[in-house]
C-alpha cells in the first residue's frame with residue numbers, strides 16, 4: 001500500500017526521468033549537451049514563471065487565465081518601444097510591469113467582484129491586449145539592443161577571469177546549494193521527529209535528498225561547461241520560492257485551496273472568495289508581465305505574435321504537474337515538474353527534427369493523459 005501511494009505521489013517525476021532518458025537516446029545524446037541543458041531553462045523560463053500564477057487560478061476551481069499570452073506580449077511591447085525611444089531600462093521595466101498590474105487589477109475586479117466568468121473575461125482580454133500590443137508596435141517588429149536591459153534578464157554570472165565552457169564557479173555554487181538543501185531537509189526531519197510529528201521513513205527522505213542534490217550538482221556541472229549561471233535562473237528561482245512558500249506555509253496561500261475545495265464552506269468560515277479570485281488573477285497578470293520581460297530579453301525583439309499559445313503551455317504544465325482540473329489540489333513543486341517535462345518533450349522533439357504538426361499531437365496526448373489520470377483518481381476518491 002505504501003509503495004502504491006509513493007508511486008502515485010511521484011508519478012510525474014518518474015515520467016520525467018523516463019521521457020528524459022528516452023529523448024537522450026533518441027537524439028544520440030545531444031539533449032544532454034551543455035548548451036541544450038542551459039537552453040532548456042532559458043526557453044521555458046516563461047512557462048515556469050507563468051505556471052506559478054496559473055496554479056492559483058486553477059486552485060480556485062479549475063479556472064484558467066487565457067489572456068496571459070497577450071498580457072505578456074503587451075508588456076514586452078511597451079518595454080521594447082520605450083527602450084527604442086531612448087528611455088532607460090528602469091523606466092521600460094516600470095512601464096511593462098505597470099501595464100500588467102493594471103490588467104491584473106481590471107480582471108481581478110471583474111472576476112472577483114463583478115462575477116464575470118473567468119473563461120469569458122480572460123478570453124475577451126486575450127483579444128483586447130493582443131490588439132493593444134499590435135497597436136503599440138504599429139504591427140512591426142521592435143528590436144532590443146539596450147545592453148543594460150539585456151544584462152538584467154539574459155546575461156550570465158561568472159567569476160572575473162572565467163571564460164565560457166570553463167566556469168568552475170557554477171559547479172561550486174551548485175555544490176553549496178546542494179549542501180544547504182541537505183542541511184535544511186535533515187534539520188526539518190529531525191525537528192519534526194523531536195516534536196512527535198509524523199515523518200516519512202528516513203531511508204525515503206534520504207533517497208529523495210540524494211536525488212535532488214545529485215541533480216543540482218549535475219546541472220551546475222553542465223552550466224559550467226557552457227556560459228555559467230543564467231541570470232534568468234535567479235528570476236525563476238525567486239518566483240518559485242516565493243510562490244511555493246506562500247501556497248504551502250501561509251494562511252493566505254491556503255485560501256486558494258479552500259475556495260477550490262468547497263467555496264460555500266469557505267464563505268461560511270469567514271473567508272471572502274471574492275478577494276481570493278481577485279488575488280489569483282492579479283498575481284497571474286503580474287507574472288505574465290515579468291515573463292514578457294524575460295522573453296523579450298532572450299529573443300532580443302518583440303512582435304505582435306509574441307506569446308501566442310503561451311497560456312496553453314502554462315495551463316498544460318499545471319495539469320501535467322498534478323494540479324486538479326476540479327481545483328483545490330496542486331503544488332508549485334509539481335507544476336515545476338510539469339513545466340520541465342513539457343520543456344524536455346519540446347526540446348527533445350525539436351532536436352530530433354520531428355515536424356511541428358506531430359509535436360502538437362504529442363503534447364496534446366500528454367496533456368490528455370494527465371487530465372484523464374486526474375479524473376480517474378478523483379472518481380476513486382469520491383471527489384469527482
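The values are calculated or read from the model by the stated rules, or taken from the named source; none is laboratory data. On a predicted model such as this, the values are computed, not experimentally measured, just so you know. Backbone-built Cβ (ideal geometry, glycine too); neighbour counts: all protein chains shown.
Summary of computed values
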item: Count of segment 302-332 residues which are modelled with pLDDT under 90 and farther than 15 Å from residue 62 by Cα; result: 1
item: Qualifying position, being buried (at least 19 other Cβ atoms within 10 Å of the Cβ) and over 27 Å from residue 319 (Cβ atoms), among 98, 82, 34; result: 82
item: Single residue of segment 254-301 satisfying the filter (loosely packed, with under 15 Cβ neighbours inside 10 Å and in contact with a strand residue (DSSP E or B) (Cβ under 7 Å, 6 or more places away or on another chain)) that is nearest to residue 241 (Cα to Cα); result: 300
item: Neighbours by Cβ (under 7 Å, 6+ apart or cross-chain): first from segment 170-199, more than 28 Å from residue 226 (Cβ to Cβ); second modelled with pLDDT under 90 and in a loop (DSSP other than H, G, I, E, B); result: 189/199; 192/199; 193/199
item: Yes/no for residue 61 being modelled with pLDDT of 90 or more, in a loop (DSSP other than H, G, I, E, B) and closer than 30 Å to residue 164 by Cα; result: no
item: Residue in segment 336-352 that is part of a loop (DSSP other than H, G, I, E, B), at pLDDT 90 or above and touching a helix residue (DSSP H, G or I) at 6+ places or on another chain (Cβ under 6 Å) present; result: no
item: Residue selected from segment 101-142 under the condition in contact with a helix residue (DSSP H, G or I) (Cβ under 7 Å, 6 or more places away or on another chain) and not in a helix (DSSP H, G or I), by the criterion surrounded by the most Cβ atoms within 10 Å (Cβ to Cβ); result: 142
item: Condition check for residue 368: assigned to a loop (DSSP other than H, G, I, E, B), surrounded by fewer than 24 Cβ atoms within 10 Å (Cβ to Cβ) and over 17 Å from the mean Cα position of the chain (by Cα); result: no
